[in-house]
Amino acid sequence: MEYHELIRKRFSVRKYTSELLTPGQIDEILMAGNVAPTAKDVQPQRIYVLESREAMAKLSEAIGPMVFGAPNAFIICGDRDEACVRPFDGWNFSQTDATIVTDHMMLAAHDLGLGTCWIGYFDPNVVRETFSIPENEEIYHILIVGHPTEDCVPGPLHAKRKTLSATVRVL
């Protein structure tokens, strides 16, 4: 798919079929995250793949209805101890790096004809305990993934974009 078409057509999917991703689809999505740029290329991202119905049931119990019936998910974390730190103010790039990785994965999934929804509304302590995620790995995003149902459409605000003049400052 042409890049500009890809970024315009992708939307947050909130209705999925029960069909699991194939190992090949999971690998393609993970490879997209693996080539994402990170500060100083230290690659502090840690990605947990939820590929079974049992793992997804645990996720659903941990975060509630935000799973939207998706058959698979990725929990994207950043190892704060490994990430690049900006010397001027101590900014740790683990969240920035994890965000770029998540975006790459989301767009790769869409390019494969899959749907995603980037979940940020969850209690990281519950997710950490549920999946035994180490303390040094900050849990930033959950990316649910699957085959959208035929009647799935973008939310009502998806196409409503601010003008560039409202968000861009030219200096």
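The values are calculated or read from the model by the stated rules, or taken from the named source; none is laboratory data. Remember, predicted model here, so these are calculated numbers, not experimental data. Ideal geometry is used to build each Cβ from the backbone, glycine not excepted, and the neighbour counts take in all protein chains shown.
Observations, loosely collected:
- Residue 107 part of a helix (DSSP H, G or I), surrounded by 17 or more Cβ atoms within 10 Å (Cβ to Cβ) and within 15 Å of the chain's Cα centre (by Cα): yes
- In segment 65-94, the residues that are surrounded by fewer than 17 Cβ atoms within 10 Å (Cβ to Cβ), modelled with pLDDT of 95 or more and not in a loop (DSSP other than H, G, I, E, B): 85
- Residue check for residue 47: surrounded by 18 or more Cβ atoms within 10 Å (Cβ to Cβ), among the aliphatic types (A, V, I, L, M) and touching a residue at least 60 places away in the same chain (Cβ under 8 Å): no
- When the criteria are applied in full, residue 54 meets the requirement of being at pLDDT 95 or above, of a type in the set (D, E, K, R), farther than 16 Å from residue 140 by Cβ and loosely packed, with under 15 Cβ neighbours inside 10 Å.
- Among the candidates 31, 105, 1, the residue that is under 24 Å from residue 150 (Cα atoms) and at pLDDT 95 or above is uniquely 105.
- Among residues of segment 4-25 that are within 12 Å of residue 111 (Cα to Cα), those with a Cβ under 8 angstrom from a residue that is in a helix (DSSP H, G or I) and among the hydrophobic types (A, V, I, L, M, F, W, C), sequence gap 6+ or separate chain, pair up as 6/107; 7/107; 10/106; 10/107; 25/109.
- Qualifying position, being on the phi < 0 side of the Ramachandran plot, in contact with a helix residue (DSSP H, G or I) (Cβ under 7 Å, 6 or more places away or on another chain) and basic (Lys, Arg), among 80, 86, 53: 80
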